[in-house]
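Engineer: Below is the structure I would like to discuss, written out as structure tokens.
The values are calculated or read from the model by the stated rules, or taken from the named source; none is laboratory data. Here the structure is a predicted model, which is why all the values come from computation and not from measurement. For neighbour counting, all protein chains shown are included, and Cβ atoms are generated from backbone atoms with ideal geometry for every residue, glycine included.
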2 protein chains.
Amino acid sequence: MNLKSLSTPAALIDVARMTHNIERMQHRMNALGVRFRPHVKTTKCAQIVDAQIAAGAQGITVSTLKEAEQFFASGIRDIVYAVGMAPGKLGQALALRRQGCDLKIVADSVACAEAIGAFGREHDEAFEVWIEIDVDGHRSGIAPEDDRLIAVGNALARSGMRVGGVMAHAGSSYDYDTHDALVRIAEQERAGCVRAAQRLRAAGVSCDVVSIGSTPTALAATHLDGVTEVRAGVYVMFDLVMHNVGVNDTAEIALSVLTTVIGHQEEKGWAIVDAGWMAMSRDRGTQRQKRDFGYGLVCTENGDVLGDYLMSGANQEHGVISRTSEADLDIARRFPIGTRLRILPNHACATGAQHPVYQALAEDGSVDAWPRFYGW
Amino acid sequence: MNLKSLSTPAALIDVARMTHNIERMQHRMNALGVRFRPHVKTTKCAQIVDAQIAAGAQGITVSTLKEAEQFFASGIRDIVYAVGMAPGKLGQALALRRQGCDLKIVADSVACAEAIGAFGREHDEAFEVWIEIDVDGHRSGIAPEDDRLIAVGNALARSGMRVGGVMAHAGSSYDYDTHDALVRIAEQERAGCVRAAQRLRAAGVSCDVVSIGSTPTALAATHLDGVTEVRAGVYVMFDLVMHNVGVNDTAEIALSVLTTVIGHQEEKGWAIVDAGWMAMSRDRGTQRQKRDFGYGLVCTENGDVLGDYLMSGANQEHGVISRTSEADLDIARRFPIGTRLRILPNHACATGAQHPVYQALAEDGSVDAWPRFYGW
């Protein structure tokens with residue numbers, strides 16, 4: 001198979017760009033002196049995770065127990081399930097640990113810690129639990145100075161569970177778009193998580209791991225004193241949201257959707273393509289950023305950005321391509337029916353999730369099908 | 001399996017509501033004296049399409065050739081592929097027809113008609129082509145009075161293809177929210193499509209089928225004179241977007257996402273659940289409607305709407321539940337960790353697409369797994 005023989009829509013990965021992105025992050029983590037644990041929720045694809053491990057990653061982060069099961073089956077033991085544990089899923093986590101998976105689970109409340117402890121005691125299993133720290137108020141976790149932090153640590157220790165460490169994710173880093181702001185939020189993430197670890201240790205609770213990360217903060221941090229590992233996911237593909245945040249050029253975006261022109265509304269300057277929101281996802285993450293890319297930025301079939309043409313609208317299997325600056329009344333001649341284009345996505349995690357398979361494009365134009373899984 | 005034994009997140013279908021929705025639409029079409037051809041892109045699920053056919057539907061509409069292949073394999077012959085034909089997919093369409101599938105394809109330009117004609121002549125296949133009519137300027141199609149309508153008909157006839165009919169979809173009906181406005185756009189859809197058929201016939205081009213439809217216009221039309229069939233998709237589930245349009249009550253929404261509370265930020269009045277945008281989709285279709293439901297409306301595990309609690313934010317596998325009117329500072333006691341909730345979705349087509357399987361919930365609480373497919 002090669003680029004020309006692919007049917008559309010298709011999720012293309014530019015393998016050279018992906019390799020560059022993996023090496024860029026791993027080199028940075030090596031220079032900062034921390035382990036790197038990629039978040040595989042972005043791709044859910046064995047070939048890509050293998051490339052991340054081969055480059056030096058140590059263990060993985062997952063967002064579902066299905067990801068843990070799939071990647072454990074493909075040979076990865078060291079796995080953090082980075083979503084607060086639902087008590088009803090403890091049986092599934094136990095089964096993984098009994099098979100030899102070094103699965104770590106997460107809690108951020110006494111109620112959750114007690115549920116884990118009760119289940120663990122009942123099944124004679126000392127779960128390794130990481131306590132989630134809230135460093136920026138964006139989602140889950142316990143603030144570093146909150147008394148409940150120690151209460152959770154004690155509740156786990158008291159029931160014989162192992163407090164393996166603390167973890168934080170500065171998700172608010174996606175809201176910034178200057179280097180200085182990213183440096184500040186990265187330091188806030190680092191300092192908050194390190195402080196939480198210090199408080200636990202001072203209270204007599206074990207806390208070996210200090211795990212932080214998001215793609216923007218991982219790329220902005222000036223030092224990581226006290227941190228033992230970093231997690232990041234979307235860096236492997238990058239996307240237009242991250243481009244607006246300021247951490248990648250559009251020429252570093254490894255994921256795109258190949259599509260075909262199927263019609264026009266010439267008077268409006270529209271070309272209609274066979275990729276809609278089913279192929280791009282409904283993600284409009286650039287809507288409130290400094291540049292709104294609609295449903296994606298249009299490139300030639302070979303991947304060259306075509307000025308300011310965007311996918312400005314999308315239905316399920318129809319996309320509308322138009323020029324931002326002024327309507328292109330010559331669009332039917334510029335992109336005749338059958339023209340193939342690539343669309344760079346707003347959000348690589350969301351766009352990838354719409355596709356059962358990635359088409360991995362090598363520099364010689366050949367493509368290889370890399371399956372990805374979905375569901376729970 | 002029953003409701004209590006399901007792991008979360010899960011896509012639940014209330015089978016009684018679905019059956020009610022199917023019967024409501026089919027009775028209406030019978031009363032209006034037209035055939036009904038459901039759009040199966042909403043569910044891509046054999047059990048649901050079987051129920052639509054059993055209720056009286058004649059043939060189906062698809063948004064991808066993969067849907068055509070899957071449903072032809074399950075025994076449905078009469079299929080319209082309602083997306084403008086990409087010339088590169090004609091081989092795939094030909095293969096379906098050669099296997100006995102009565103596949104109809106769509107064109108809205110002379111360039112597309114000529115590509116179909118050339119391919120058809122080359123392979124000695126008289127494709128049945130429907131000409132897409134633009135009745136409201138929202139997407140694809142040729143305006144009823146446009147000269148290109150006759151040119152497309154002639155181009156197809158000249159090359160030996162069969163012009164089977166005309167089709168229109170008043171997608172702009174989603175932008176309205178009063179019955180009067182829906183009645184007007186329904187009449188505009190009907191009149192425009194009938195007029196296009198009349199012009200083709202007057203020019204000597206065959207045009208048996210006059211196919212229109214969208215869920216809002218199908219439910220609002222006062223008469224369908226000159227129309228032979230109606231297409232609609234989302235009516236089988238309904239959703240919050242359609243509720244804002246005014247065509248269904250929330251108690252008619254058959255699809256919901258079952259989720260579990262995994263944490264809280266009590267000071268903010270947040271509960272965190274294990275369904276995020278991966279389970280709900282990124283669809284924010286109610287954002288610009290009269291009521292913005294965030295990522296969905298919260299119900300009890302048994303399906304009763306819980307006042308004004310919404311999923312107000314979503315990350316990949318985390319949802320934030322909060323009360324719209326004022327922060328619920330008692331939320332950790334109201335929805336303790338482990339509480340199960342159902343979330344009604346903005347857009348049933350988009351939410352369904354995130355799930356490999358529907359869990360079909362019967363009135364006795366038992367559930368049956370109904371697989372759905374995805375991809376192209």
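Engineer: Kindly state which strands (runs of 3 or more DSSP E) lie completely within region A:311-376 and contain at least 3 residues that are over 24 Å from residue A:1 (Cα atoms).
Structural biologist: Answer list for region A:311-376: A:319-323.
Engineer: Moving on to the next point. Quick check on my filter: what residues within region B:219-247 are of a type in the set (Gly, Ala, Ser) and either modelled with pLDDT under 95 or under 17 Å from residue B:63 (Cβ atoms) (or both)?
Structural biologist: B:232, B:233
Engineer: Go through (1) within 14 Å of chain A (Cβ to nearest Cβ); (2) surrounded by fewer than 21 Cβ atoms within 10 Å (Cβ to Cβ); (3) without any contact (Cβ under 8 Å) to a residue 40 or more places away in the chain and name the single condition residue B:66 misses.
Structural biologist: Status for residue B:66: all satisfied but (3).
So that you can scan it fast, the table gives a plain yes or no per residue for (1) surrounded by 20 or more Cβ atoms within 10 Å (Cβ to Cβ); (2) on the phi > 0 side of the Ramachandran plot; (3) within 13 Å of another protein chain (Cβ to nearest Cβ):
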{"position": "A:23", "(1), (2), (3)": "no, no, no"}
{"position": "A:29", "(1), (2), (3)": "yes, no, no"}
{"position": "A:37", "(1), (2), (3)": "yes, no, no"}
{"position": "A:41", "(1), (2), (3)": "yes, no, yes"}
{"position": "A:52", "(1), (2), (3)": "yes, no, no"}
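Engineer: Restricting to region A:147-184, name every residue that is surrounded by fewer than 23 Cβ atoms within 10 Å (Cβ to Cβ), in contact (Cβ under 8 Å) with a residue 40 or more places away in the chain and β-branched (Val, Ile, Thr).
Structural biologist: Result: A:150, A:178.
Engineer: Check region B:337-358 and report whether any residue there is on the phi > 0 side of the Ramachandran plot and in contact with a Gly (Cβ under 8 Å, 6 or more places away or on another chain).
Structural biologist: Looking through region B:337-358, at least one residue is on the phi > 0 side of the Ramachandran plot and in contact with a Gly (Cβ under 8 Å, 6 or more places away or on another chain).
Engineer: Continuing with this model, one more query. I'd like to know if region B:221-231 contains one or more residues that are away from chain A (no Cβ under 14 Å) and among the charged types (D, E, K, R).
Structural biologist: yes
Engineer: Going through region B:286-305 one residue at a time, which ones are farther than 26 Å from residue B:365 by Cβ and either crowded, with 21+ Cβ neighbours inside 10 Å or without any contact (Cβ under 8 Å) to a residue 60 or more places away in the chain (or both)?
Structural biologist: Those that are farther than 26 Å from residue B:365 by Cβ and either crowded, with 21+ Cβ neighbours inside 10 Å or without any contact (Cβ under 8 Å) to a residue 60 or more places away in the chain (or both): B:286, B:287, B:288, B:291, B:292, B:293, B:294, B:295.
Engineer: When you go through (1) in a strand (DSSP E or B); (2) more than 8 Å from every other protein chain (Cβ to nearest Cβ); (3) under 25 Å from residue A:115 (Cα atoms) one by one for residue B:272, which number turns out not to apply?
Structural biologist: Of (1) in a strand (DSSP E or B); (2) more than 8 Å from every other protein chain (Cβ to nearest Cβ); (3) under 25 Å from residue A:115 (Cα atoms), only one is false for residue B:272: (2).
Engineer: Output the number of residues of region B:61-95 satisfying the condition of being out of contact with any Lys or Arg (no Cβ under 9 Å at 6 or more places or on another chain) and of a type in the set (A, V, I, L, M).
Structural biologist: Qualifying residue count, region B:61-95: 10.
Engineer: Of everything in region B:163-190, what is in contact with an Asp or Glu (Cβ under 8 Å, 6 or more places away or on another chain), of a type outside the set (S, T, N, Q) and part of a helix (DSSP H, G or I)? Give them in sequence order.
Structural biologist: Matches in region B:163-190: B:171, B:185, B:189, B:190.
Engineer: Just to check your reading of the model, which residue among A:146, A:136, A:124, A:78 is modelled with pLDDT of 95 or more and within 19 Å of residue A:200 (Cα to Cα)?
Structural biologist: Of A:146, A:136, A:124, A:78, the one residue that is modelled with pLDDT of 95 or more and within 19 Å of residue A:200 (Cα to Cα) is A:146.
Engineer: Failed condition for residue A:97, given (1) crowded, with 23+ Cβ neighbours inside 10 Å; (2) of a type in the set (D, E, K, R); (3) away from chain B (no Cβ under 12 Å), with all others met?
Structural biologist: (1)
Engineer: Counting just the residues of region A:100-142 that are aromatic (Phe, Trp, Tyr) and farther than 27 Å from residue B:313 by Cα, which one comes out nearest to the other protein chains (Cβ to nearest Cβ)?
Structural biologist: Result: A:119.
Engineer: If you go through region B:1-20 one residue at a time, how many are more than 14 Å from every other protein chain (Cβ to nearest Cβ), surrounded by 22 or more Cβ atoms within 10 Å (Cβ to Cβ) and of a type outside the set (D, E, K, R)?
Structural biologist: 2
Engineer: Look at region A:209-224 and say how many of its residues are closer than 9 Å to residue A:186 by Cβ and surrounded by fewer than 20 Cβ atoms within 10 Å (Cβ to Cβ).
Structural biologist: Adding up the residues that qualify gives 1.
Engineer: Additional query: Check B:338, B:365 and return the single one that is at pLDDT below 95 and surrounded by fewer than 16 Cβ atoms within 10 Å (Cβ to Cβ).
Structural biologist: Result of the check over B:338, B:365: B:365.
Engineer: For the structure I just gave you, tell me whether residue B:255 is closer than 28 Å to residue A:350 by Cβ and surrounded by 23 or more Cβ atoms within 10 Å (Cβ to Cβ).
Structural biologist: Criteria met by residue B:255.
Engineer: Would you call residue A:218 out of contact with any helix residue (DSSP H, G or I) (no Cβ under 8 Å at 6 or more places or on another chain) and farther than 27 Å from residue B:41 by Cβ?
Structural biologist: So residue A:218 does not fit the description; no.
Engineer: Which of the following residues is within 12 Å of chain B (Cβ to nearest Cβ), of a type outside the set (A, V, I, L, M, F, W, C) and over 27 Å from residue B:112 (Cα atoms): A:338, A:285?
Structural biologist: Among A:338, A:285, only A:285 is within 12 Å of chain B (Cβ to nearest Cβ), of a type outside the set (A, V, I, L, M, F, W, C) and over 27 Å from residue B:112 (Cα atoms).
Engineer: Check residue B:263 against each of (1) more than 17 Å from the chain's Cα centre (by Cα); (2) surrounded by fewer than 24 Cβ atoms within 10 Å (Cβ to Cβ) and name the one condition it does not meet.
Structural biologist: Only one criterion is unmet by residue B:263, namely (2).
Engineer: Within region B:201-208, is even one residue in a strand (DSSP E or B), among the basic types (Lys, Arg) and either away from every other protein chain (no Cβ under 14 Å) or buried (at least 22 other Cβ atoms within 10 Å of the Cβ) (or both)?
Structural biologist: No, region B:201-208 has no match at all.
Engineer: Residue B:344: in contact with an Asp or Glu (Cβ under 6 Å, 6 or more places away or on another chain) and away from chain A (no Cβ under 14 Å), yes or no?
Structural biologist: Answer is no for this residue.
Engineer: Using beta carbons and a limit of 8 Å, which pairs, at least six apart or on different chains, have the first residue in region B:78-101 and at positive phi and the second one outside any strand (DSSP E or B) and surrounded by fewer than 18 Cβ atoms within 10 Å (Cβ to Cβ)?
Structural biologist: Every condition considered, the pairs that remain are B:100/B:77.
Engineer: For the condition within 24 Å of residue B:244 (Cα to Cα), in the same structural domain as residue B:360 (by TED's automatic domain parsing) and surrounded by fewer than 24 Cβ atoms within 10 Å (Cβ to Cβ), what is the one hit in B:308, B:330, B:283?
Structural biologist: Answer to the selection: B:308.
Results for (1) surrounded by 23 or more Cβ atoms within 10 Å (Cβ to Cβ); (2) more than 8 Å from chain B (Cβ to nearest Cβ); (3) touching a residue at least 12 places away in the same chain (Cβ under 8 Å); (4) among the hydroxyl-bearing types (Ser, Thr, Tyr), shown as yes or no for each residue.
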site	(1), (2), (3), (4)
A:315	no, no, yes, no
A:321	yes, yes, yes, no
A:354	yes, no, yes, no
A:357	no, no, yes, no
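Engineer: For region B:288-306: of the residues being in a loop (DSSP other than H, G, I, E, B) and more than 20 Å from residue A:283 (Cβ to Cβ), which is nearest to the other protein chains (Cβ to nearest Cβ)?
Structural biologist: B:301
Engineer: Test residue A:217 against the stated conditions and say whether it is farther than 27 Å from residue B:286 by Cβ, more than 11 Å from every other protein chain (Cβ to nearest Cβ) and either more than 16 Å from the chain's Cα centre (by Cα) or not in a strand (DSSP E or B) (or both).
Structural biologist: Considered against the rule, which asks whether it is farther than 27 Å from residue B:286 by Cβ, more than 11 Å from every other protein chain (Cβ to nearest Cβ) and either more than 16 Å from the chain's Cα centre (by Cα) or not in a strand (DSSP E or B) (or both), residue A:217 comes out as yes.
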